[in-house]
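The values are calculated or read from the model by the stated rules, or taken from the named source; none is laboratory data. Every value quoted in this text rests on a predicted model; they were computed, and no experiment measured them. These area figures cover heavy atoms from the full protein model, side chains too; ligands, DNA and RNA do not enter into them. Shrake-Rupley method; radii C 1.70, N 1.55, O 1.52, S 1.80 Å.
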Amino acid sequence: MKFSCKILLCSLITTAAAFGIGGYFFVNDVFKASLEREIGQATDDSSILRFAFETAALNIPSKYDILQNSVIEEIGANLENSGQGSGRLLRLSDENREVLYASEGFVEDTALLSDLGEQIRVWQIIHPDRHYYIRTGIVVHALDRVLYLETMKDVTEVYAERARGFAVYRGLTIFILLFSSVVMYIFSRWLTKPIRLLTQATKKMTAGDYSYRAEQISGDEMGQLTMDFNHMAGVVEENIHKLENEIRAREDFIAAFSHELKTPLTAVIGYADMLRSRKLDEEKHFLAANYIYTEGKRLEAMSLRLLEIIVAKRYPHEPQDTDVEELFAWLKGLFEERTDMEILFDWEPGRILSDGSMLKSVLLNLTDNACKASEPGSTVTVRGEKREDGYYFAVRDHGVGIPAEECQKITEAFYMVDKSRSRSHNGAGLGLALCVEILRLHGSTLEIESTPGVGSCFGFLIPGGESR
């Protein structure tokens with residue numbers, strides 16, 4: 001069952017129950033008030049009849065010592081005739097509760113007489129046929145006799161009014177339910193419209209349309225739910241795009257890795273087969289063995305770089321107190337014997353919290369890349385300076401430079417701007433990818449500034465103040 005139908009059904013059940021219970025109590029309260037009024041009037045009439053009977057008995061000529069039964073019947077008939085049109089019936093009984101006079105139609109039941117006594121006035125509701133009566137009883141003292149006066153008053157109209165009240169209320173309830181069902185259906189459709197829009201959005205997203213967003217039509221809780229859903233959809237879409245990019249990057253990585261393996265392996269297998277199947281002179285034998293050795297070393301370097309990247313991604317580093325003097329001294333010792341270009345080192349003393357071995361790998365890769373991108377005789381500068389938010393390292397060269405559209409791609413694994421130049425230096429496009437991962441672990445990023453034909457500058461900031 002749809003949620004809108006549930007709202008409609010619950011509303012109708014609540015409305016029907018409220019009107020049914022409320023109508024019952026309302027009509028019944030009106031009926032009780034009318035009946036109590038009739039009962040009070042009937043008991044008052046009984047008292048008036050008793051007073052009238054006793055007065056009439058006193059006006060009878062005193063030729064008898066006691067009040068005769070015939071006189072009682074005569075007084076009863078006169079009292080009945082005086083009340084014609086009022087729907088009142090009466091009955092008179094003697095001391096032995098034997099009936100002396102009774103109006104036509106008075107019930108023959110004498111059960112009420114047994115409850116009568118001195119100073120006692122009783123009444124009851126009886127329903128002998130299709131009519132309802134209020135039956136009252138009272139003791140009458142006339143001369144020396146004790147008599148019992150009973151009356152019956154027709155109150156059928158009061159019960160008929162109650163029945164009409166229930167009928168009118170039932171009709172009114174049915175009309176209100178029909179009218180409210182139409183109104184509540186419209187309201188339920190309006191209230192559940194955000195849910196239908198969210199359902200439509202989920203179906204769209206299930207079908208693959210992750211850019212679809214649910215329409216927000218209100219500012220209440222449902223509107224907030226729609227807003228949260230759209231925000232969640234945006235996060236899901238972003239994560240899916242990230243996953244797609246990661247899958248694409250992984251596929252590109254595998255393709256590039258396979259290509260990087262294929263070229264040296266083809267040469268290694270070819271030269272190895274030549275050495276195995278032919279007898280070469282000493283010079284060709286040396287060239288073939290040297291090529292196998294060179295390509296083998298390149299494969300070894302590439303595997304080691306890949307291993308370093310995996311380690312940098314999976315295993316957390318442990319920062320330690322590191323003196324930048326040690327980093328620059330180590331780097332200077334590696335390149336001080338290089339004679340084909342000038343490498344300048346300029347740094348400010350300082351201490352940082354870092355993984356020293358990892359930072360050495362970053363500085364080594366950046367400096368080595370700067371040398372590979374530079375022509376013989378040019379200058380490479382490696383510098384370090386203290387800043388308020390950390391310690392900044394930079395490696396600048398005056399080489400070929402990098403086009404602006406390539407700067408965002410060169411940190412991807414196996415990506416090389418000039419593949420022929422990189423392979424001539426035994427490069428595989430893994431150095432910068434390793435640098436990016438190491439800097440990410442240190443909460444830093446690689447900053448690249450480059451102009452084709454002018455040179456490039458690779459820098460990074462190790463955040464935090466100077467360690468103590």
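Points worth noting:
- For residue 346, solvent-accessible area (1.4 Å; no DNA, RNA or ligand), Å²: 100
- Across the chain, the convex hull enclosing all Cα atoms gives 321 Å³ per residue.
- Overall, the accessible surface of the chain at a probe of 1.4 angstrom is composed of carbon and sulfur to the extent of 56 percent.
- Residues in the chain average 60 Å² of solvent-accessible surface per residue, probe 1.4 Å, ligands and nucleic acids excluded.
- Length-normalised contact order for region 66-158 - Cα pairs under 8 Å, 6+ apart - percent: 29
- In the structure shown, the pairs 284/360; 242/360; 204/409; 360/409 are assessed against 28 Å; a Cα-Cα span above that value is assigned to 284/360; 242/360; 204/409.
- The C-alpha atoms of the chain define a longest principal axis, and helix 156-191 lies at about 10 degrees to it.
- 13 Å Cα-Cα reach of residue 279 towards aspartates and glutamates, excluding residues that sit fewer than 8 places from it in its own chain: none
- Ranking 330, 123, 347, 190 by solvent-accessible area of protein heavy atoms (1.4 Å probe, all protein chains present), from largest to smallest, gives 190, 123, 330, 347.
- Zero-based 10 Å bins, Cα pair distances in region 123-180, whole percents: 19, 27, 21, 16, 9, 5, 2, 0
- The alpha-carbon positions of region 1-145 define a convex hull whose volume is 149 Å³ per residue.
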